[in-house]
Amino acid sequence: MENFIVSARKYRPQTFDTVVGQKSITNTLKNAIKNNQLAQAFLFCGPRGVGKTTCARILAKTINCENLSANVEACDHCPSCVSFNENASFNIYELDGASNNSVDDIRTLVEQVRIPPQMGRYKVYIIDEVHMLSASAFNAFLKTLEEPPAYAKFILATTEKHKILPTILSRCQIFDFKRITVDDIAGHLLHVAGREHITVEDNALHIIAQKADGAMRDALSIFDQLVSFTGDTLTYNTVLENLNVLDYEYFFKITDQVLQGDIPGTLLTINEIIDKGFEGQHFLIGFGEHLRNLLVCKDASTAKLLETAPSIRNHYVEQAARCQVGFLLKVLDINNRCDLSYKTSNSKRLHLELSVMQMCALVLQNEGTPAAQPSIPPPPTRTQAPAPAAPSQAVPVQAPVSTEKSADLEPEPVTPGPVTVNPDISVPDPGETPVKKPVEAVKMRDIRNSFTSTTSIKSPVAKPLPGPEQSEENQALYETAAPFSTDDLILCWDEFAETLKADSHHLYSTLKSSRPVLKAGWTIEFTLSNKVLEEELNLKKTEMMEFLRSRLNNYKIQVQTRITENMVNTKPYTDKEKFELMAEKNPELRYLKDELDLEIEY
């Protein structure tokens, strides 16, 4: 039986033109050969499986070829090319830096460099994984690398450029290999499948290319594995089954359900995904990538960043047209926060389902889908105040007066008692005199920002609908200023304090023992006992504000610190302080000290 050769070796490029995804590097090397401007040492660095060693071998073969073509490619017929193809060349040496990393190994290499080539123009030394050489071996290699004989060329290859000494880097021409794109990998796999007479689907090849993460060798290994399972036909479903990849149709489906605020439907979809054996975090990663693809489809200049099969790009564009940028940013934020805390959750499934329900709540609170709407007419009212026709006219919203709990909306913290808005009375801000204004001119954002009480009522307060005057930028995440109570603030405050327990136990104790005070304008005031604690808290102030803003969904929060003098500890420590304290209580002690001529040690 004939020995099987894996595709990564069988279809390894033999010329510069057949190298995939590194056009700029191959053109540079060909021009250097053509103009006779070869450096004495090259350093090829980049991720795994992108063609570093392949390009090193092609370069070594080409510079020794006796009959170069007009396109600066090896002829494959001269004695030098034939010996190289048969792995019998005496002019090209390939070393492994991991197993030849000592000073003695480098000394042996330097001795071999002194011998001129027996055939061809150059002796070429290819050292793979060169970062594995020890520091002493690098130092022993410096002189030879900088001033080798005219016939010696060195090609170093590594995946960890940062581990190489700067003195080595300064003696080499450095070529940084990039990750191979999904389209390039899929095109090469299609070429290999045609050579092997295998029927494939384009979507299947794109899934393999995405799984390979920019490495051609990994893609060819996965391709061989799948062909072994399926035979001469490779379909999209078989690739999903064998690579444990979640079908992108689930992401389109659950996005549509979120756009409709369909909480029961999303829970059933999550259950179906889990029943198929997929982990919740696997879904979170894939759904985050799906939302990212929708976001890049919103603008024609970023649409090129979409790395998917051509057959489903139109599906992405169609669904992206029904989503607003602000909505996508909020959903991405919820998905990202769920992903970060998923591993530490005790109930992972509930944690995942809760995040999806929060996404649906974004739509339910707006009483409709977040799809782009040309205009939203104002609801009919008994008295309509005249307003000039302008594209930035605000949408009037009537605050609910019912105290019954809604089945679809989450209650939000506001002041106790019924909340009503009528044409004659407006809701004043704290400390300000009430100003009468018509209900049509009052925005819900003004009403909600006016409350500072820590209690809440059962009736939900509707959020303002997106109107024609609100641009996508104004609906961005950092314009959010949702109301919250002092109890909500205390819970988030303690949660942030727990994150400081390991790094700063003193600051952790201070935050746990003292309580913040919520002021007007979403300002949080915190009282400290001394300057040292204030300076220590200032180092964490930015992190604290971002944490509270994200947890409370209010990006107008500000944190201020205040030092109270009466909180300073006045306990006496030195002998002088103790004497002065006792003398204040009993002045006779000073008389006794003076009469006996006593001295206090300071």
Exercise for the section: Quick one: divide the alpha-carbon radius of gyration of the range 111-200 by 2.2 N^0.38 Å and tell me what you get. Expected result: 1.54
Completion exercise
If each K or R counts +1 and each D or E counts -1, the residues other than residue 61 whose Cβ falls under 15 Å of its Cβ total 0
Fill in the blank from the handout: Going through 348/540; 501/541; 23/52; 501/540; 501/531 one by one, the pairs whose alpha carbons sit over 23 Å apart turn out to be 348/540
Practice task
Search the structure for amide H atoms under 5 Å from the amide H of residue 126, placed 1.01 Å from N in the peptide plane, and list their residues when 5 or more places away or on another chain.
Solution key: 93, 94, 95, 155
Practice task
Mind checking the full-extension length gain between residue 519 and residue 303? Use 0.36 nm per residue of separation minus the Cα-Cα distance, one decimal, nm.
Solution key: 73.3 nm
Problem - trypsin sites (Lys or Arg not before Pro) within the range 227-301: DSSP coil, no more than 13 neighbouring Cβ in 10 Å - result: 276
Problem - Three-way shape label, the range 486-567, alpha-carbon gyration tensor, a/c 1.5 - result: oblate
Completion exercise
Counted neighbours (other Cβ, 10 Å), sorted fewest up, put 291, 243 in the order 243, 291
Completion exercise
For the range 41-97, listing chymotrypsin sites (Phe, Trp or Tyr not before Pro) in a DSSP loop whose Cβ sees at most 13 other Cβ atoms within 10 Å gives 90
Practice task
Please report Rg over Rh for the range 268-308, where both radii come from the alpha carbon positions and Rh follows the Kirkwood definition.
Solution key: 1.15
Fill in the blank from the handout: Any GluC sites (Glu not before Pro) in the range 107-176 that lie in a DSSP loop and have at most 16 other Cβ atoms within 10 Å would be 160
Problem - Prolate/oblate/rounded call for the range 216-311, Cα gyration tensor, a/c under 1.5 rounded - result: oblate
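Coordinate-derived values only; no laboratory data. Keep in mind that this is a model prediction, so the values were computed, not measured. Quick reminder, even Gly has a Cβ in these numbers, built from the backbone with ideal geometry, and neighbours come from all protein chains shown.
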